[in-house]
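Student: Here's a structure for you.
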Amino acid sequence: MSNETIIALGSNIDAQHNIGKAIDQLQTHFQLRKVAGPIVTSPIGITDQPDFLNAVALIQTALSIEELVSVLKKIENEMGRDRSRAKFGPREIDLDVLIWNGEVVDDDYYERDFLRQLVAELK
């Protein structure tokens with residue numbers, strides 16, 4: 001069975017490079033259908049840091065959502081994600097499952113206009 005999912009990507013450390021590299025990684029691990037973005041957004045929470053680049057990717061995968069999250073965390077780790085930093089602090093890459101088989105699974109979708117805007121660009 002194939003699952004269709006939308007992954008949110010974010011970075012504000014060498015952002016252009018890291019978003020591109022993350023998209024390459026998604027393409028290596030999954031069937032990449034379409035990408036929207038990137039767009040520049042202001043940081044949330046901790047505002048004394050560089051702006052973020054954000055994008056979304058539509059992928060197909062046979063993995064379960066739990067297996068997918070595990071692969072996304074592995075990609076983040078391989079790209080140097082430092083999990084000791086503050087939740088809303090700077091990051092090399094952030095990969096989150098936003099929509100799973102048409103169902104929103106991350107509340108950030110409702111709270112952040114730019115995510116809805118990017119998802120709309122995929123259609």
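Laboratory data are not the source of any read-out in this text; all were calculated from the coordinates shown. Predicted model only: the values in this text are computed from it and were never measured. A quick note on method: Cβ atoms are made from the backbone with ideal geometry, for glycine too, and the neighbour counts reach across all protein chains shown.
Student: What is the Cα convex hull volume of the chain when expressed per residue in Å³?
Tutor: Roughly 97 Å³ of hull volume per residue.
Student: Expressed as a rounded percentage, what relative contact order does the chain have, with Cα pairs under 8 Å and six or more residues apart?
Tutor: Dividing the mean separation by the residue count of the chain yields 38 percent.
Student: Counting other beta carbons within 10 Å of each Cβ, put Val119, Val105 in order, fewest first.
Tutor: Val105, Val119
Student: If you don't mind, there's one more thing I want to ask. On a straight-distance basis, which lysines could pair with Lys34 in a cross-link, Cα separation under 16 angstrom, same-chain partners fewer than 8 positions away excluded?
Tutor: Those lysines meeting the cut-off are Lys21, Lys123.
Student: Using only the alpha-carbon atoms, how far is helix 15-29 inclined from the longest principal axis of the chain? Give it as 0 to 90 degrees, nearest 10.
Tutor: On a 0 to 90 degree scale, this one is about 20.
Student: Related question: Please work out how much length the chain gains when fully extended from Ile65 to Thr47, using 0.36 nm per residue of separation minus the C-alpha to C-alpha distance, in nm with one decimal.
Tutor: So the chain would gain 3.3 nm between Ile65 and Thr47.
Student: Can I ask one more? If we sort 55-62, 87-94 on the protection proxy, mean other Cβ atoms within 10 Å, highest first, what's the order?
Tutor: 55-62, 87-94
Student: OK, next. Note the angle between two axes, namely the Cα long axis of helix 65-78 and the longest principal axis of the Cα atoms of the chain, as a number of degrees from 0 to 90, rounded to the nearest 10.
Tutor: Once rounded, the angle reads 40 degrees.
Student: How far, in degrees from 0 to 90, does helix 113-122 lean away from the longest principal axis of the Cα atoms of the chain, to the nearest 10?
Tutor: With rounding to tens, the tilt is 40 degrees.
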